Amino acid sequence: MALGGDGNPQSPIFFLSYAHARPTTSQAAHDVNQFAVRLFDDLSMHVAQLVGSPPGVDPGFLDRSMKGGTRWASEVLTAAGTCHVFIPLISSGYVDSKWCAMEWDAFSRRTVVRRSANSSGNGTAILPVAWLPTREDQLPPAVRELQFFLPQQLKDPDITQRYLANGVYGLLFMEEEADYRAVAWRLALGIEDAYNAYHVEPKIPTDPRQLRKSFRGEDG
């Protein structure tokens, strides 16, 4: 199946949603968020190979603006309303971020249809990823009730436990390159599976002020 197989060749296969870290005076924004960019670049490479990508079309979407409060440009709204798979990088900062809550809500408002009765997954086309160690009691119900991504069929089954204990960020920070590469590849396969399992009706938000700004249920 080609990229944008539901009729829009510009629709990204996946939307990588993450809490933008704020740089200190001695850090650049790119340095603080480099691990999210690394994961996005690797997933884009893998998904392009697995699913197919026309020349000049990115298989994924990542908001690289790094400026909280000015992020809701038209391309973010369009990506959240047309992407096929939503990948939130879960951390305590993520579930406290109003921007991440708005991205999640924009995607969650869309209608998801299983392509067949045998389609697997959590039924939402949302594939939460453990980004940083986060206690279960820190997760709001909207996040906690979903099936998180777990890498399967690894030669070293302990990689899954190290991923859960440290998150993808932790694997990158500790330079556990083999573990990270295995997790990233299996995540790309998970994106491919979700892309083929579900059709998500496009629905681009016309007014971001109507989107939920909290995972706890508040709108303000």
statement: Scoring only Lys, Arg, Asp and Glu (+1, +1, -1, -1) among other residues with Cβ under 14 Å from the Cβ of THR134 yields -1
task: Normalise the Cα radius of gyration of segment 116-220 by 2.2 N^0.38 Å (N = residues in it) and let me know the number.
output: 1.25
Residues in segment 76-90 that a label on ASP41 would reach, taking backbone N under 18 Å of a point 7 Å out along Cα→Cβ: none
query: Spin-label point model (7 Å from Cα, Cβ direction): what's the ASP158 to TRP185 distance in nm?
result: 1.9 nm
field: Calculated P(r) tail over 20 Å for segment 14-209, as whole % of Cα pairs
entry: 56 percent
- prompt: Between GLN34, VAL95, GLN153, whose Cα lies farthest towards the positive end of the dipole of segment 14-209 when Lys and Arg beta carbons carry +1 and Asp and Glu beta carbons carry -1, centred on the Cα centre?
  reply: VAL95
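None of the figures in this text is laboratory data; all of them are computed from the coordinates on show. Source: prediction; values computed, not measured. Neighbour counts run over all protein chains shown; Cβ positions are idealised from the backbone, glycine included.
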